Each structure stands twice: as structure tokens, then as C-alpha cells.
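The values are calculated or read from the model by the stated rules, or taken from the named source; none is laboratory data. Nothing here was measured: the structure is a model prediction, and the numbers come from that model. Here Cβ is always computed from backbone atoms with ideal geometry, including for glycine, and neighbour counts include all displayed protein chains. Quick note on the areas: whole protein, heavy atoms, side chains included, nothing else; ligands and nucleic acids left out. Shrake-Rupley method; radii C 1.70, N 1.55, O 1.52, S 1.80 Å.
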Amino acid sequence: RLQQPAAPAAAPAAKAEPPQTPQKSAPEMQEVAAPATSPTHPASFQGAELQAAVTEVLSASGSAEGLTIAAIAEKVGRGVAAAEVQAAVSALVEEAQAYLTVDEDHFALL
């Protein structure tokens, strides 16, 4: 009969230390410059101010077919959402200061 070799002697159990992960430092806060403002386009628009800015953009366009909501929002700037511009344009239409031109998305001043 063949004898099986004896199992090697077990090494003394070493304490398993958890792997060390590098400590991440907190990200440094960077100062963010405030958006530039101008007299006609304040940093934040609301109600009548936004309507005035939209009126200014439409007046300056000189286009017979008018401008789209997206184009107006881009020209107004300051991160004004298209939905806010739509609300301002709708108010101008209700006040008979603006109207639809070539389709449901183009507006011009009366």
C-alpha cells in the first residue's frame, strides 16, 4: 500500500489586517463666478422683467417670421428655461403685444 504524504504543518495564523485604502481628502471648494449682469438682462428674471427681456429680444430681431421659443431663450440668456420664456410669450400674446407668425412656435411683436 502507498502511504499518503503527511500534510505540511500549518503555519501559525497571522492576524489578517484589512487592506488600507488611501484616504481621500475632501474636494476643495472652488469659487464660482457669478454670472455677469447687464442693465437689460439681470441675473434672474421673473414676471414683468422676463417679459421686458423677451420684448427686447423680439424687437431687436427684425424678423417678419418672428423667433422660436428656443431662439428667444438663447438670446435672453442667463439660463432662462424655454418653459419660462413660453410663459412670458404667452402672457405677451394674451396682452395683445405679440402674436404667432409662421407656426405655433414662432412669435413676433405687434
Looking at (1) at pLDDT 90 or above; (2) open to solvent by less than 50 Å² (accessible area, probe 1.4 Å), can you tell me which one PRO42 breaks?
(1)
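Between GLU31, GLU17, which is farther than 30 Å from LEU109 by Cβ, open to solvent by 100 Å² or more (accessible area, probe 1.4 Å), modelled with pLDDT of 55 or more and of a type in the set (D, E, K, R)? It would help to see each step written out before you state the result.
Numbers: GLU31 fails: modelled with pLDDT of 55 or more.
Going through GLU31, GLU17 in turn, the sole match is GLU17.
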Output the residues belonging to region 58-110 that are under 16 Å from GLN46 (Cβ atoms) and part of a loop (DSSP other than H, G, I, E, B).
GLY77, ARG78, GLY79, VAL80, ALA81
